[in-house]
Amino acid sequence: MIYDVIIIGSGPAGLTAAIYAQRAELNSIVIEKTGFSGGQIINTDEVDNYPGTPGISGFDLSAKFREHCDKLNVNFVDGEVTKLHLEDDIKVITLADGKEYRTKTVVIATGGVPRHLGIPGEEEFSGGGVSYCAVCDGAFFRNKTVAVVGGGDVAVEDAIFLSRISKKVYVIHRRDEFRASKSTVKKLLSSDNVTVLWDSVLEKINGTDTVESLEVKNVKTKEMSNIDVSGVFIAIGYEPSSEAYKDVVATDESGYIIAGENCETNVPGILAAGDIRKKDLRQIITAASDGANAITAVERYLNNY
């Protein structure tokens, strides 16, 4: 079988693309790596910037996206894409289990994975006090002292979430101001059990079986300090999940796929949508917008196929 479109990824971009593909009566499937839908938003405690759903959790919002797809009978396939190659105008997708799928067009909506610091102790204590998801693992640190590394929206939101359940929260940020939205920062700084370590970077994570302390350096004074914590949550951004596509479509130096607002890449019939695409703003609403734009571009391509 040759599909009209195969959508790779089931975050907001992929699920929106799936909805639009079904409404356009395209022969399509969605390939999702993890076996569940939602992408990174399922790890968000509270979504306050998606219109019409103030305060909804990321898990509940992703469930609504998936329910919409199920109502339209979107076909989902579990699997990890390891290769994409071209056979003339046909795009061939290979999964880790060896299965192949053929399609006229592809929408790559694979998003990204949490970026690591690459410091001593990080890998050793992964799962033993080092986490990249506060919503997933925060409950293990109830009434304990923890730290969050980062200064963007995710880091600040993680710190707010942890402040509700942890005894003490340190926020380690390399600059002297946050990059997160002002309303979110205001909420964080109003928390009595949060201490911000400005102009600071995490140098080393110490412990025996689990995390016990952190070595922190002030980037201005070069002074080192040691803080006792039971866990550290690293929220310094994401790296694009584009490894399987780098040899097919153009990417920037960071690995993000180069595509315009119409989501068209340099290869006709291959689209990039959501956080995988090189863009200025990566949020749920822009990912959903990409999903819609990608299928519009798919329809345009198929009309001239």
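Any read-out appearing in this document is the output of simple, stated calculations on the displayed coordinates, not a laboratory observation. Quick caveat: nothing in here was measured; it's all calculated off a predicted structure. Backbone-built Cβ (ideal geometry, glycine too); neighbour counts: all protein chains shown.
Among the cysteines of the chain, those with no neighbouring cysteine Cβ under 4.7 Å are 69, 263. Axis of helix 284-303 versus longest Cα principal axis of the chain: the two differ by about 20°, to the nearest ten degrees. Seen from residue 119, the other residues with C-beta closer than 10 Å to its C-beta sum to a net charge of -3, counting Lys and Arg as +1 and Asp and Glu as -1. As a test, work out the antiparallel percent of DSSP beta bridges whose residues both lie in the chain, rounded to the nearest 5. Restricted to the chain, the bridges split so that about 45 percent are antiparallel. Think of the chain as having a plus end and a minus end, set by charges on the Cβ of Lys, Arg, Asp and Glu; of 34, 263, 183, 183 sits farthest toward the positive end of this dipole. Of the beta bridges in the range 163-267, as assigned by DSSP with both residues counted there, near 75 percent are antiparallel. Here the 3J(HN,Hα) profile of the range 206-213, calculated from phi with Karplus coefficients 6.51, -1.76 and 1.60 at θ = phi - 60°, is 10, x, 10, 8, 9, 5, 10, 7 Hz, Gly and Pro shown as x.
Work out the length of the dipole vector of the range 159-218 about its Cα centre, built from +1 on the beta-carbon of each Lys and Arg and -1 on the beta-carbon of each Asp and Glu, and round it to the nearest 20 debye. It would help to have the intermediate numbers written out before the result.
Numbers: 11 positive and 8 negative charges, 78 e Å.
Approximately 380 debye in magnitude.
Which shape class applies to the range 108-246: rounded if a/c is under 1.5, otherwise prolate when a/b exceeds b/c and oblate if not, where a ≥ b ≥ c are the square roots of the Cα gyration tensor eigenvalues? In terms of gyration-tensor shape, rounded.
Within the shell defined by Cβ-Cβ distances under 12 Å, the residues around residue 59 carry a net charge of -1, with Lys and Arg each +1 and Asp and Glu each -1. The ranking of 85, 68 from fewest to most other beta carbons within 10 Å of each one's beta carbon is 85, 68.
Our coupling estimate for the range 155-160, obtained by passing each phi through the Karplus curve with A = 6.51, B = -1.76, C = 1.60 and θ = phi - 60°, is 4, 5, 5, 4, 5, 4 Hz, Gly and Pro reported as x.
Which value at 222 nm does the chain reach when only helices count, each DSSP H run of 4 or more adding -39,500 (n - 2.57), with the total divided by all residues and rounded to the nearest 500 deg cm²/dmol? Please list the in-between numbers first.
On the way: 6 runs with 69 residues, N = 305.
The helix contribution divided over the chain gives -7000 deg cm²/dmol.
Each of 136, 69 has some number of other Cβ atoms within 10 Å of its Cβ, and from fewest to most they run 136, 69.
Test of understanding: ordering 142, 282 by Cβ neighbours within 10 Å, fewest first, what list do you get? Walk me through the intermediate numbers first.
Working: 142 11, 282 19.
Ranking 142, 282 by Cβ neighbours within 10 Å, fewest first, gives 142, 282.
Over 27 Å between Cα atoms: which of 246/279; 186/278; 104/279 fall into that group? Pairs exceeding the cut-off: 186/278.
Do any GluC sites (Glu not before Pro) in the range 207-305 lie in a loop, going by DSSP, with at most 13 other beta-carbon atoms within 10 Å of their beta carbon, and if so which?
Numbers: sites: 212, 215, 223, 243, 253, 261, 264, 299; in loops: 223, 253, 261.
For GluC sites (Glu not before Pro) across the range 207-305 that sit outside H, G, I, E and B with at most 13 neighbouring Cβ atoms in 10 Å, the list reads 223, 253, 261.
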